[in-house]
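Data first, discussion second: the structure below is written as structure tokens.
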């Protein structure tokens, strides 16, 4: 903690802000259902890399902001992201040593759990949505994971953030 | 690599992780419970929503800039064509309006004769749609006005052709609205031709609405205009909603299968009007129909 901690936290915070922008960015109707869960992917990445600094608390706050901005039930995404962070932190030592294809394969079930939690809460609250709204993001998220992973690893290596 | 220091020696080193997760899950469930049950958390929601406002502006900016660029570089020829078209349209609208004024006066006289309450003329305010996506689970859009401009929950949104939707979450500076095509949206309407009252629900498709409660022998035809009936209280009466697209009468079923096309082009709206001063007719009808 000798270096200025604000400057090391900056890349993580910026990545979340950027992820939020990608989440609210308009997409053509044809691909809108396949918008990846950028914030869930970011939570997985940072909880895997730096579980001491960025884990369930961060995920919860990100989720609450997401809920407020999307008009979903307040706490819905917060709960789901919190669980995603928990699963990731539990397995982070394993996931860190995985090669990229294997890691991508293990990101798939985590994203599926995330969508399942959203689906479950929607069901309890009586929100009805087409099923593609759930499995679309899981597929696109898994496919885009290696790209995001390589980009963020490079960023992290350059800035030595934490 | 600060975090990986000593990580291999002690795998269970994140302190009280399970406890923190449980506490956060508990808080989330409480929040959801109170949020779903009543609107106590609206202020919390609004104040967090303000934090997202700059992001919405930033995301919206490129599209806005592109539109501006498109407008300011339009050729003189195209502008002249558009001007001519608008002039012709204005002439037509004005001619229709003249007739409308006399009809309105007649309507007021007749209503006075019938001893009915005079219809309130609705006030409208133009709002722009921001190019940001909102809730992935519903058909919704974000508009650039909020409670600061007098927007309230449940306010009706129309465009030049018909009803677009209603405000579901009025924020301080931006608000979220649900389109009439959302599966959760239902709207009391009547057939303009004969006053047959029914309910239009969203199907989840942007260009199709459903009328699930039209009995088999009801007088409804393809091409009928559906207008808001004013029942339910959320929408003022008399705004066009949709045009009946298909009527399939199924002999053994109690209800006919009726679909309609929205009058407003829900997919391409850029500007909407918010309606103030809703004229409510019968208080008992509201409690019956309001969801």
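The values are calculated or read from the model by the stated rules, or taken from the named source; none is laboratory data. All figures in this text were calculated on a predicted structure; none of them were measured in a lab. For neighbour counting, all protein chains shown are included, and Cβ atoms are generated from backbone atoms with ideal geometry for every residue, glycine included.
So, of the residues in region B:251-268 that are crowded, with 20+ Cβ neighbours inside 10 Å and within 24 Å of residue B:146 (Cβ to Cβ), which turns out to be modelled with the lowest pLDDT?
That would be B:266.
If we scan region B:188-202, do we find a residue that is closer than 26 Å to residue B:47 by Cβ and outside any helix (DSSP H, G or I)?
no
For the list (1) within 15 Å of the chain's Cα centre (by Cα); (2) within 17 Å of residue B:262 (Cβ to Cβ); (3) outside any loop (DSSP other than H, G, I, E, B); (4) within 14 Å of chain A (Cβ to nearest Cβ), I need the number of the one condition that residue B:210 fails.
With respect to (1) within 15 Å of the chain's Cα centre (by Cα); (2) within 17 Å of residue B:262 (Cβ to Cβ); (3) outside any loop (DSSP other than H, G, I, E, B); (4) within 14 Å of chain A (Cβ to nearest Cβ), residue B:210 is out only on (1).
Would you confirm, using the coordinates I've provided, whether residue A:141 is touching a strand residue (DSSP E or B) at 6+ places or on another chain (Cβ under 8 Å) and either in contact (Cβ under 8 Å) with a residue 60 or more places away in the chain or within 11 Å of chain B (Cβ to nearest Cβ) (or both)?
So residue A:141 does not fit the description; no.
For region B:90-100, does any single residue satisfy the condition of being under 19 Å from residue B:237 (Cβ atoms) and either assigned by TED's automatic domain parsing to the domain that holds residue B:144 or part of a helix (DSSP H, G or I) (or both)?
Checking region B:90-100: at least one residue is under 19 Å from residue B:237 (Cβ atoms) and either assigned by TED's automatic domain parsing to the domain that holds residue B:144 or part of a helix (DSSP H, G or I) (or both).
For region B:228-250: of the residues being under 16 Å from the mean Cα position of the chain (by Cα) and assigned to a strand (DSSP E or B), which is surrounded by the fewest Cβ atoms within 10 Å (Cβ to Cβ)?
The qualifying residue surrounded by the fewest Cβ atoms within 10 Å (Cβ to Cβ) is B:240.
Is it fair to say residue A:73 is outside any helix (DSSP H, G or I), at pLDDT below 85 and buried (at least 22 other Cβ atoms within 10 Å of the Cβ)?
Yes.
Would region B:21-42 turn up any residue that is surrounded by fewer than 15 Cβ atoms within 10 Å (Cβ to Cβ), touching a helix residue (DSSP H, G or I) at 6+ places or on another chain (Cβ under 6 Å) and free of Cβ contacts under 8 Å to residues at least 60 places away in the same chain?
Looking through region B:21-42, at least one residue is surrounded by fewer than 15 Cβ atoms within 10 Å (Cβ to Cβ), touching a helix residue (DSSP H, G or I) at 6+ places or on another chain (Cβ under 6 Å) and free of Cβ contacts under 8 Å to residues at least 60 places away in the same chain.
Go through (1) under 29 Å from residue B:140 (Cα atoms); (2) surrounded by fewer than 20 Cβ atoms within 10 Å (Cβ to Cβ); (3) in contact (Cβ under 8 Å) with a residue 12 or more places away in the chain and name the single condition residue A:149 misses.
(1)
Filter region A:130-162 down to the residues that are within 26 Å of residue B:32 (Cα to Cα) and out of contact with any helix residue (DSSP H, G or I) (no Cβ under 6 Å at 6 or more places or on another chain) and list them by number.
A:130, A:131, A:132, A:133, A:135, A:136, A:137
Scan region A:24-60 residue by residue and report those that are buried (at least 20 other Cβ atoms within 10 Å of the Cβ), at the interface with another protein chain (Cβ under 8 Å from one of its Cβ atoms) and in a helix (DSSP H, G or I).
Within region A:24-60, A:24, A:49, A:56, A:60 meet the criteria.
I need a count of the residues in region A:77-96 that are facing chain B (nearest Cβ under 7 Å), in contact (Cβ under 8 Å) with a residue 40 or more places away in the chain and within 22 Å of residue B:135 (Cα to Cα).
Matching residues across region A:77-96 total 1.
Of the numbered conditions (1) crowded, with 16+ Cβ neighbours inside 10 Å; (2) over 30 Å from residue A:66 (Cα atoms), residue B:183 fails exactly one; give the number of that condition.
Unmet for residue B:183, out of (1) crowded, with 16+ Cβ neighbours inside 10 Å; (2) over 30 Å from residue A:66 (Cα atoms): (2).
Among the residues of region A:109-124, are any farther than 30 Å from residue B:182 by Cβ and at pLDDT 90 or above?
Yes: one or more hits.
Looking for something touching a strand residue (DSSP E or B) at 6+ places or on another chain (Cβ under 8 Å), surrounded by 11 or more Cβ atoms within 10 Å (Cβ to Cβ) and touching a residue at least 12 places away in the same chain (Cβ under 8 Å) - is there at least one such residue anywhere in region B:60-77?
Yes, there is a match, as at least one residue in region B:60-77 is touching a strand residue (DSSP E or B) at 6+ places or on another chain (Cβ under 8 Å), surrounded by 11 or more Cβ atoms within 10 Å (Cβ to Cβ) and touching a residue at least 12 places away in the same chain (Cβ under 8 Å).
Checking residue A:69 against (1) closer than 30 Å to residue B:268 by Cβ; (2) more than 7 Å from chain B (Cβ to nearest Cβ); (3) touching a residue at least 40 places away in the same chain (Cβ under 8 Å), only one condition comes out false. Which one?
Looking at each condition in turn, residue A:69 falls short on (2).
Based on what the data block shows, is residue B:177 within 14 Å of another protein chain (Cβ to nearest Cβ), closer than 19 Å to residue B:262 by Cβ and either in contact with a strand residue (DSSP E or B) (Cβ under 9 Å, 6 or more places away or on another chain) or outside any strand (DSSP E or B) (or both)?
Yes; evaluated as a whole, the condition is true for this residue.
With B:15, B:11, B:62, B:54 as the choices, which residue is over 23 Å from residue A:68 (Cα atoms), within 11 Å of chain A (Cβ to nearest Cβ) and modelled with pLDDT of 80 or more?
After applying the criteria, what remains is B:62.
Given the conditions (1) part of a loop (DSSP other than H, G, I, E, B); (2) without any contact (Cβ under 8 Å) to a residue 60 or more places away in the chain; (3) facing another protein chain (nearest Cβ under 8 Å), and given that residue A:122 satisfies all but one, which numbered condition is not satisfied?
Against the list (1) part of a loop (DSSP other than H, G, I, E, B); (2) without any contact (Cβ under 8 Å) to a residue 60 or more places away in the chain; (3) facing another protein chain (nearest Cβ under 8 Å), residue A:122 comes up short only on (1).
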